[in-house]
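Chemist: Pasting a structure below so you can have a look.
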Amino acid sequence: MAMVDVTVRGAGAFGLSVAYACALKGARVRVVDPAGVGGGASGGIVGALAPHVPENWNAKKAFQFAALDMGEAFWRGVEETGGVPSSYARTGRLQPIADDHARALAEARAVTAQMLWEGRYVWEVVAAPSDWAPVTPTGLVIHDTLTARMFPRHACASLAAAVQALGGTLATEAQDEGAVVWATGAAGLAALSAERGRMVGVAVKGQSARLAFDARDLPQIFADTVHVVPHADGTTAIGSTTEREFDAPDTTDDQLDAVLARALAAVPALADAPVIERWAGLRPRARTRSPMIGAWPDRPGHFIANGGFKIGFGIAPMIGQVMADLVLDGRDAIPDDFKPEASF
Ligand SMILES: Cc1cc2nc3c(=O)[nH]c(=O)nc-3n(C[C@H](O)[C@H](O)[C@H](O)COP(=O)(O)OP(=O)(O)OC[C@H]3O[C@@H](n4cnc5c(N)ncnc54)[C@H](O)[C@@H]3O)c2cc1C
């Protein structure tokens, strides 16, 4: 008799969230990853859980909102189950407002946010705080209260502990048993592309850095396309580059220096903070740019959870939920354009 109901291949944000959601429903799960917990993109340092702009609503934005909305309860549940902190906190976000046009746009979005975010979070135009803010020509910033942060490595450890506390096991090698969920990130997209003879998804490299700068209770900042994310441990992460072409997946170079320079120009308070870590990884991007989740076409009993791209941690709580519903109960609540067929 099988000892395992669900084998999850890949111990990143997606695989661990699926394993946790399945274990919560009572399934016996085994997570298999030769690189160990957080050995892929999920072992990084940035961890911005930030919404798309609240306008032009679509299935992806609605899915992301649902995931961000449930984030607080999800991560508290993970921490309480496994006893390991995830460093999650809903600390909000500030963005500069460059001119009158940007101000008008921001004010219009404040109105749409009220409706689309169901009155639970605000997107507002306020005077830039004097102690912690990006350089902003109008003296104003957008402040939103939906954005949260967590430390990716801690979040993976937290999820892994929760899976084990629920009776799940982790392994670097094991046979498939039961339903099989392939949450294998960039390597999985490369394998799918090779198998199908067309580009199903690609790896997009990102470089990031961590500074010794303690802003742990303050909002994160998004300015000049750079994320500045204060963490609970008194460090602040800066990210990231977006590279389709690269020589090595895990090296950092002058492209990261350019991101750091933009961060320091946008947030002068960081000027003297020492860089304590430089880190790079490969984001899994599906051909459609949407998550790629659902049953594996033509492969009964196998499922895919991939394509987290730049928002993998933000949407992980929903990925776990909809995949567990599908794998264990056959309930399919996955938007059509997220299904593997859309990228195949
Ligand atoms: C620099 C950078 C900054 C980022 N910033 C953010 C951010 O601020 N907010 C956010 O939400 N997201 C962010 N992301 C994206 C996020 O990290 C990814 O979307 C997410 O980690 C993807 O998770 P995953 O589990 O799908 O993939 P991964 O974490 O890559 O996990 C896949 C795992 O599968 C394993 N594997 C591969 N092949 C096999 C096999 N055959 N069998 C078993 N296991 C296998 C690998 O070892 C790996 O551990 C960032 C990414 C990068 C690189």
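No lab work stands behind these numbers, since they all come straight from the coordinates. All values reported here derive from a predicted model rather than from experimental measurement. All Cβ positions, even for glycine, are placed from backbone atoms using ideal geometry, and neighbour counts span all protein chains on display.
Chemist: Would you kindly derive the ³J(HN,Hα) couplings of the range 58-65 from the backbone phi angles with the Karplus curve 6.51 cos²θ - 1.76 cosθ + 1.60 (θ = phi - 60°), listing them in order in whole Hz, with x for Gly and Pro?
Modeler: With coefficients 6.51, -1.76 and 1.60, one gets 8, 4, 5, 5, 5, 5, 5, 4 Hz.
Chemist: Based on the Cβ-Cβ distance of ALA2 and GLU277, what FRET efficiency does E = 1/(1 + (r/R0)^6) give at R0 = 51 Å, to the nearest 0.05? Walk me through the intermediate numbers first.
Modeler: Working: r = 42 Å, r/R0 = 0.82.
Efficiency, from the Cβ-Cβ distance: 0.75.
Chemist: Here's a follow-up. I'd like the distance separating the alpha-carbon centroids of the range 93-148 and the range 156-220, in whole Å.
Modeler: Using only Cα atoms, the two centres lie 32 Å from each other.
Chemist: Modelled label-to-label distance, ALA108 and ARG289, 7 Å Cα→beta-carbon offset: nm?
Modeler: The modelled label-to-label distance comes out at 2.0 nm.
Chemist: Sort the range 93-145 into rounded, prolate or oblate with this rule: let a ≥ b ≥ c be the square roots of the eigenvalues of the Cα gyration tensor; rounded if a/c is under 1.5, and if a/c is not under 1.5, prolate when a/b is larger than b/c, oblate otherwise. Before the final figure, lay out the partial values.
Modeler: On the way: a/c = 3.35, a/b = 1.50, b/c = 2.23.
Oblate shape, in that a/c is at least 1.5 and b/c is the bigger or equal ratio.
Chemist: Along each principal axis of its Cα atoms, how long is the chain end to end? Whole angstroms, biggest number first, please.
Modeler: 66, 43, 41
Chemist: So what are the ³J(HN,Hα) numbers for the range 290-301, from phi and the Karplus equation (6.51, -1.76, 1.60; θ = phi - 60°), rounded to whole Hz, Gly and Pro as x?
Modeler: For the range 290-301, the Karplus-derived couplings read 8, x, 10, 9, x, 5, 6, x, 6, 9, x, x Hz, x marking Gly and Pro.
Chemist: Based on the Cβ-Cβ distance of ASP298 and GLU177, what FRET efficiency does E = 1/(1 + (r/R0)^6) give at R0 = 22 Å, to the nearest 0.05?
Modeler: On the way: r = 21 Å, r/R0 = 0.95.
The formula returns an efficiency of 0.60 here.
Chemist: Related question: Can you give the helix-only mean residue ellipticity at 222 nm for the chain, where every DSSP H stretch with n ≥ 4 adds -39500 (n - 2.57) and the sum goes over all residues, rounded to the nearest 500 deg cm²/dmol? Write down the numbers at each step before the final one.
Modeler: On the way: 8 runs with 114 residues, N = 344.
Per the formula, -10500 deg cm²/dmol.
Chemist: Let me ask something else about it. For HIS227, enumerate residues with amide H under 5 Å from its amide H, sequence gap 5+ or separate chain, H modeled in the peptide plane.
Modeler: GLY239, SER240
Chemist: For the chain, modelled as a Gaussian network with Cα springs under 10 Å, which listed residue fluctuates most, ALA50, ALA161, ALA171?
Modeler: ALA171
Chemist: Give me, ordered by chain and number, the residues 5 or more places off LEU211 or on other chains with an amide H under 5 Å from its own placed amide H.
Modeler: Here the answer is THR236, ALA237, ILE238, ILE276, since their amide H atoms fall under 5 Å of that of LEU211.
Chemist: Give me the extension gain from LYS61 to GLU124: residue separation times 0.36 nm, minus the current Cα-Cα distance, reported in nm with one decimal. Don't skip to the answer; put the middle values down first.
Modeler: Values: separation 63, 0.36 × 63 = 22.68 nm, distance 1.91 nm.
Separation in residues times 0.36 nm, less the Cα-Cα distance, equals 20.8 nm.
Chemist: Now for a different question. Pairs of alpha-carbon atoms within less than 8 angstrom and 6+ residues apart define the contacts here; what relative contact order does the range 93-145 have, in percent? The partial results should precede the final answer.
Modeler: Details: 82 pairs, mean separation 27.0, N = 53.
Result for the range 93-145 is 51 percent.
Chemist: Please compute the modelled spin-label separation between ASP257 and ARG196, points set 7 Å along Cα→Cβ, answer in nm with one decimal.
Modeler: 4.0
Chemist: Each residue of the range 238-244 in turn: what ³J(HN,Hα) in whole Hz from Karplus with 6.51, -1.76, 1.60 and θ = phi - 60°, glycine and Pro shown as x?
Modeler: Each residue of the range 238-244 in turn: 10, x, 7, 7, 10, 10, 7 Hz.
Chemist: Grab the other residues whose beta carbon is less than 11 angstrom from that of SER343, score K and R as +1, D and E as -1, and report the net.
Modeler: Details: positive: ARG196, ARG198, ARG285, ARG287, ARG289, LYS339; negative: ASP337, GLU341.
With Lys, Arg at +1 and Asp, Glu at -1, the net is +4.
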